[in-house]
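Take a look at the structure below.
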Amino acid sequence: MLQIKTRILSSLRKNPGNKMTTLQNLQKYLDKIRREDKKINAFLQLRDEEELIEEAKKIDEKISKKSAGKLAGKVIAVKANINVKGLNISCASKTLENYKGTYDASVIKKIKEEDGLIIGITNMDEFACGSSGENSAFGPTRNPINNQLITGGSSSGSAAAVSAGFCDFTLGSDTGGSIRNPASHCGVVGVKPSYGSVSRYGLIDLSMSLDQIGPFAKNVEDAAILLDVIYGKDEYDSISESGKINLKEIEKTPKNLTIGVVNFKIQDKRIQEIVDRKIQEAVKKYKWDVKKINMKYVDLMVETYYPLVYVEFFSGTRKFDGRRYGMKIENSAGVEVLRRILGGSEITKAEHHGRYYNKSLKVRKLVTEEFTKAFKKVDCIIIPTVPKLPHKIGEKITVEEMYSYDTLTIPSNLTGNCSLSIPAGKIQGIPVGMQIICDKFQDTKMLQIARSFEKLS
Ligand code: GLN
């Protein structure tokens, strides 16, 4: 009996179109957004309702003719730095306040081909610069779990929209933690795929050697469904590689698995305790092993990351000179964006002879080698996602404190490994995420491990 029930439930989960039409699903979400988003500020733009209804009906027709794609029935929102034709891709900045996407990013094209319904554009830290969601030119996003708190950033609206139940999935971008960090604070699943596994064509860069687009969802299975659609080689992104997500594998719990644990500096010890407890639960139930890994360079991550980001961001923003798109960035952007432009222009001055940038590249190489070595001994590395709990919106914190939110997420961007955050528990009602890191292009294995953890609770 229980088995039949689970089977029915999981088949319903796989295709909400069975349970609810696309139109009903859309209307449910539109009502909820209208009622609750004034408080949360997850959306910067909702698409025209009539257009949405028309599109939902077309998808329902396809479902009834059994010719619908993998995402039919699903309602999806997109971070404001990923081009969607005709929508306002402002990067939450005054600079691009009136800019409308002139084409679809490759990930959007793939979503549309699979009949995903794009409902709107989500809020974020301006140009993806931030860790709290407070740097948007259009107001901060509030954490749906506790409205006084930040959501984390920079994909603040995408994390909040899933957490608040405003849509099925969202897309975010992750340069140093911007998917995993808000996923952790908002109690949802957030995936940063391996660098090069998902096309960046159509993403407005923060730092092109680190950026990666990825999904947010309520559970691992849903995140995998969206990742499967956007994953793989794209001729428009020369560094993208071919690869696949094997959805069938994800339900299988790995038999022999060794988890690596690393001693990072965690500001709030209670967070490490929650993650340790989860690891122990899994070890007991699945008879997995745990190995301690010593790493020499992991505590230099923030110092290594920022010079790279400043330089790449400075270079990437030179096109925002007020002639082709929107306004001149120096005249219209907020403090954090200006700090990075100024920093980037300083670091790249001829008189420094590339000194800071080259040093960062060296450490990046060293830490990549450390991780490559570690993955010869362990299948995955599990650490907390964020080293501290989220602060209250508006609370004054220093730049260093803000940057330190990403201490534990940055390594996977520097190395190009895949990494995700899943909810591991709560401290005084505030969600705490656990990060699972796997070697490059081991995204299916990472999802499989995450799903095994999900099955524990
Ligand atoms: N918080 C980090 C930064 O501000 C990460 C941003 C991101 O991943 N987009 O650079």
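The values are calculated or read from the model by the stated rules, or taken from the named source; none is laboratory data. All of these numbers come straight from a predicted model, not from anything done at the bench. Here the Cβ is made from the backbone with ideal geometry for all residues, glycine too, and neighbour counts use every protein chain on show.
What are the pairs, 6+ residues apart or on separate chains, where a residue within the range 393-418 that is at negative phi and in a loop (DSSP other than H, G, I, E, B) has its Cβ under 7 Å from a residue that is of a type in the set (F, W, Y) and more than 10 Å from the ligand (Cβ to nearest atom)? From the range 393-418, the pairs are T407/F264; L408/F264; N417/F371.
Looking only at the range 49-70, decide whether some residue is within 24 Å of D174 (Cα to Cα), out of contact with any His (no Cβ under 9 Å at 6 or more places or on another chain) and either of a type in the set (G, A, S) or in contact (Cβ under 8 Å) with a residue 60 or more places away in the chain (or both). So far as the range 49-70 goes, no, none of its residues is within 24 Å of D174 (Cα to Cα), out of contact with any His (no Cβ under 9 Å at 6 or more places or on another chain) and either of a type in the set (G, A, S) or in contact (Cβ under 8 Å) with a residue 60 or more places away in the chain (or both). Do the conditions hold for F169, that is, is it modelled with pLDDT of 95 or more, within 16 Å of the ligand (Cβ to nearest atom) and either farther than 24 Å from G326 by Cα or touching a helix residue (DSSP H, G or I) at 6+ places or on another chain (Cβ under 8 Å) (or both)? When the stated conditions are applied, F169 does not pass them. Given the condition part of a helix (DSSP H, G or I), touching a Lys or Arg at 6+ places or on another chain (Cβ under 7 Å) and surrounded by fewer than 15 Cβ atoms within 10 Å (Cβ to Cβ), answer yes or no: does some residue in the range 356-377 qualify? Checked against the condition, which is being part of a helix (DSSP H, G or I), touching a Lys or Arg at 6+ places or on another chain (Cβ under 7 Å) and surrounded by fewer than 15 Cβ atoms within 10 Å (Cβ to Cβ), the range 356-377 yields at least one hit. The requirement of being over 25 Å from F375 (Cβ atoms), of a type in the set (V, I, T) and touching a helix residue (DSSP H, G or I) at 6+ places or on another chain (Cβ under 6 Å) is fulfilled nowhere in the range 215-228; no residue meets it.
Taking each residue of the range 173-190 that is of a type in the set (D, E) and looking for partners that are part of a loop (DSSP other than H, G, I, E, B) and within 12 Å of the ligand (Cβ to nearest atom) with beta-carbon atoms closer than 9 Å, six or more apart or interchain, yields D174/S154; D174/S155; D174/L210; D174/D211; D174/T409. Apart from one condition, K38 fits all of (1) at pLDDT 50 or above; (2) surrounded by 13 or more Cβ atoms within 10 Å (Cβ to Cβ); the exception is (2). Taking the numbered list (1) within 28 Å of K39 (Cβ to Cβ); (2) away from the ligand (no atom under 16 Å from the Cβ); (3) not aliphatic (A, V, I, L, M) in turn, Y231 passes all entries but (1). Screening Y201, Y286 for residues that are in contact with a Pro (Cβ under 8 Å, 6 or more places away or on another chain) and surrounded by 16 or more Cβ atoms within 10 Å (Cβ to Cβ) leaves exactly one candidate, Y286.
With the condition kept exactly as written, say whether any residue in the range 381-399 is more than 17 Å from K445 (Cα to Cα), surrounded by fewer than 24 Cβ atoms within 10 Å (Cβ to Cβ) and within 12 Å of the ligand (Cβ to nearest atom). The answer is yes, given that some residue of the range 381-399 is more than 17 Å from K445 (Cα to Cα), surrounded by fewer than 24 Cβ atoms within 10 Å (Cβ to Cβ) and within 12 Å of the ligand (Cβ to nearest atom). Looking across the range 330-348 at every residue that is more than 16 Å from the ligand (Cβ to nearest atom) and within 23 Å of N88 (Cβ to Cβ), the one that is surrounded by the fewest Cβ atoms within 10 Å (Cβ to Cβ) is identified as N331. For the range 133-149, the criterion of a residue being within 16 Å of the ligand (Cβ to nearest atom), buried (at least 24 other Cβ atoms within 10 Å of the Cβ), touching a residue at least 12 places away in the same chain (Cβ under 8 Å) and within 11 Å of the chain's Cα centre (by Cα) is satisfied by no position. Within the range 179-196, the set of residues being assigned to a loop (DSSP other than H, G, I, E, B), in contact with a strand residue (DSSP E or B) (Cβ under 6 Å, 6 or more places away or on another chain) and either more than 16 Å from G416 (Cβ to Cβ) or away from the ligand (no atom under 13 Å from the Cβ) (or both) comprises G187, V188, P193, S194. Has the range 95-103 got at least one residue that is surrounded by fewer than 20 Cβ atoms within 10 Å (Cβ to Cβ) and β-branched (V, I, T)? Yes, that holds for at least one residue.
Restricting attention to the range 301-328 and to residues that are of a type in the set (A, V, I, L, M, F, W, C) and more than 16 Å from the ligand (Cβ to nearest atom), the residue that is surrounded by the most Cβ atoms within 10 Å (Cβ to Cβ) turns out to be F320.
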